[in-house]
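**Student:** Quick one: this structure, given as structure tokens, is what I'll be asking you about.
The values are calculated or read from the model by the stated rules, or taken from the named source; none is laboratory data. This one's a predicted model, so the numbers in the text were calculated from it and none came from an experiment. Note that we place each Cβ from the backbone using ideal geometry, even for glycine, and neighbour counts take in every protein chain shown. Heads up: the accessible areas ignore ligands, DNA and RNA and are worked out on the full protein's heavy atoms, side chains in. Shrake-Rupley method; radii C 1.70, N 1.55, O 1.52, S 1.80 Å.
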Amino acid sequence: MTAATNRTADRRRFFQTGAAAALGWTLGSPRVQGDDAAAGLVENGTYIEPPRRVPVVADADVVVCGGGPAGVTAALAAARAGARTRLLEAHGCLGGIWTSGLLSYILDSGNKPGIMREILAALQAREEDVRRAPSMYDPEALKLLLEQMCQEAGVALQLHTHCAAAVRDAANRLALVVTESKSGREAIAGKVFIDCTGEGDVAHQAGCGWDYGRPETGDAQPMSFIVLLTGIHLDEIRPYVSSLPGDTWAAPKDALAGLIKESSGFGPSYAKPSLFPIRETLFCLMANHEYGLRGFDVRDVTRATLQGRAELHRMIDGLRSLGGPWKGLRICSSPERIGVRESRRIHGRYTLSSDDITRGARFDDAVCCCTFPVDVHSTAADRGKGIEAAPVRAKPFDIPYRSLVAKDVDGLLLAGRCISGDFYAHSAYRVTGNAVGMGQAAGLAAATAVKEGVLPHEVDWTELAKTAPWSENA
Ligand SMILES: Cc1cc2nc3c(=O)[nH]c(=O)nc-3n(C[C@H](O)[C@H](O)[C@H](O)COP(=O)(O)OP(=O)(O)OC[C@H]3O[C@@H](n4cnc5c(N)ncnc54)[C@H](O)[C@@H]3O)c2cc1C
């Protein structure tokens, strides 16, 4: 047999028996020594990665990981405070759930001075003639705005970059993140890091502890596949549209749920579907819940995405079949990434508790005030498929700076939905107005830590807040 036929036979065997078997091992079994070099690197079902040199391609004062509402704001605040700032974002646009998740609706923004106000004013100026409800925006307009703001502030922006590992130095300070992208595996050094990945990926990779879901069961809030719709006109479908002036909250949702059931033959997995008007002929639909799947597990996220897309297409096909005002209905955009409500809650130097939100806690080191209520979407399909009644009620409460400072690793701040809080506290502060309030505080604190040569937990936020660009005294 020639070498070429040998290789062909090997290749055939590889495809016939699967990659693992061809390498001389099976999943979870002890290593079987083969003559392939890779076989020697597999032990007890794990691949032992050989040491390799990863180029350190950039260093920055402040490295922000994740460019969602929290991350963009953190990067803007750090850069504007004079720090050399690098923003790493996994997807091809900034905005996170705002844009790649197609959210289109900003909550708890009214009492957020600074960057939140700037963004709302800029959207208002650009979209004045087309927006149909306050706090609604067109994700495409926001993508451009966020890129322009970051470029103007001098943020070094890196899209399509996934943070895959985090490296601490001997003093337990985060020193590097390792990224994966089309450019391969690269390292980025920084003086202070801010984890705004939503999932708390970087803090987890660095070895921080975290909590997830309800403490009793581990159940967490469902993911949701949001879509943008076109081919319908606001004036013709008003009874089904949420968030219009005078909206009673329940009526349009119940009407839409009934219509979906009648036209598609099934009730939506989110029993209170919301159709939000962006323009007269462009709408955002949130009608899907994916239960029991975790946003930090790629197989769960894949399953949620496939199920969510299939459900939305069935629903829209059903509505279109009604004809009349629905006859032109089409999905014109689906999310680059399904929306994840709840993921890792990283341990910080303070953990916001249900007790704090119930009593409307005030803190000297407040970064912003959350005025949003406890908002728990059913954590399982048998819990009503809507919004659950909670044993806890929130009064407006402060989010303290210490909840943004990682407990287990130095040089690391958190902002957005991955900060330190319990299940019910998270269900209130998770909305994007608060993510922005936290992001701008984390960015300013990080830049200040670098300037003063201290660690983030040594920054006196109470003093710093008095001169923050958005404070009344500044
Ligand atoms: C379906 C749904 C509906 C919601 N409704 C509302 C609403 O109406 N109004 C509202 O204000 N809030 C709403 N929320 C809550 C809110 O959207 C989130 O809590 C908010 O996104 C928090 O912002 P964030 O910046 O922490 O996270 P995200 O928006 O998730 O941003 C995280 C960013 O990090 C990036 N990233 C993730 N991992 C990595 C990595 N390893 N490396 C590099 N980049 C990474 C992501 O691509 C993303 O851009 C909703 C959430 C969901 C899921």
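**Student:** Name the residues whose placed amide hydrogens come within less than 5 Å of the amide hydrogen of Thr179, ignoring near sequence neighbours (fewer than 5 apart) on the same chain.
**Tutor:** Hits under the 5 Å cutoff: Ala164, Glu186, Ala187, Ile188.
**Student:** At 1.4 Å probe size, with every protein chain present, just tell me what the per residue accessible area of segment 226-333 comes to in Å².
**Tutor:** 44 Å²
**Student:** Thr230 to Gln148: extension gain in nm, 0.36 nm per residue of separation minus the Cα-Cα distance?
**Tutor:** Numbers: separation 82, 0.36 × 82 = 29.52 nm, distance 2.72 nm.
That works out to 26.8 nm of additional length.
**Student:** Students often get this wrong: which residues of segment 136-150 have the backbone nitrogen under 13 Å from the point 7 angstrom along Cα-to-C-beta of Gln124?
**Tutor:** Once the point is set 7 Å along Cα→Cβ of Gln124, 136 turn out to lie under 13 Å by backbone N, inside segment 136-150.
**Student:** Sequence neighbours fewer than 8 away in the same chain don't count; with that in mind, list the lysines whose C-alpha is under 25 Å from Lys327.
**Tutor:** Result set, ordered by chain and number: Lys253, Lys261, Lys272.
**Student:** Tell me, what ³J(HN,Hα) does each residue in segment 171-188 have, in order and in whole Hz, if you take phi through Karplus 6.51 cos²θ - 1.76 cosθ + 1.60 with θ = phi - 60° and put x for Gly and Pro?
**Tutor:** Each residue's phi maps through the Karplus curve to give 8, 6, 9, 5, 10, 9, 10, 9, 10, 10, 7, 4, 7, x, 8, 9, 10, 10 Hz.
**Student:** Additional query: Where does each of 228-238, 410-420, 362-372 land if you order them by average Cβ count within 10 Å, highest first?
**Tutor:** By packing density, highest mean first, the sequence is 410-420, 362-372, 228-238.
**Student:** Go ahead and collect, in residue order, the members of segment 374-392 whose backbone nitrogen is under 17 Å from a label point 7 Å along the Cα-Cβ direction of Arg314.
**Tutor:** 381-382, 385
**Student:** I would also like to ask the following. Multiply the residue gap between Ser471 and Arg359 by 0.36 nm, knock off their C-alpha separation, and tell me the result in nm, one decimal place.
**Tutor:** 37.8 nm
**Student:** Which lysines, if any, have their Cα less than 21 Å from the Cα of Lys466, not counting same-chain residues under 8 positions apart?
**Tutor:** Hits, sequence-local ones excluded: Lys112, Lys451.
**Student:** Oh, and also: Taking K and R as +1 and D and E as -1, what net charge do the other residues with C-beta under 11 Å from the C-beta of Asp364 add up to?
**Tutor:** That sum, taken over residues with Cβ under 11 Å, equals -2.
**Student:** Can I ask one more? Quick one: of the DSSP bridges fully inside the chain, what percent are antiparallel, nearest 5? Before the final figure, lay out each step's value.
**Tutor:** Numbers: 38 of 58 bridges.
For the chain, the DSSP antiparallel bridge percentage is about 65.
**Student:** Another question, if that's okay. Positive end of the charge dipole of the chain (Lys, Arg +1 and Asp, Glu -1 on Cβ, about the Cα centre): tell me which of Thr448, Pro50, Tyr105 has its Cα farthest that way.
**Tutor:** Pro50
**Student:** With the crude spin-label approximation of a point 7 Å out along Cα→Cβ, what separation in nm comes out for His160 versus Asp382?
**Tutor:** Inter-label distance under the simple model: 4.7 nm.
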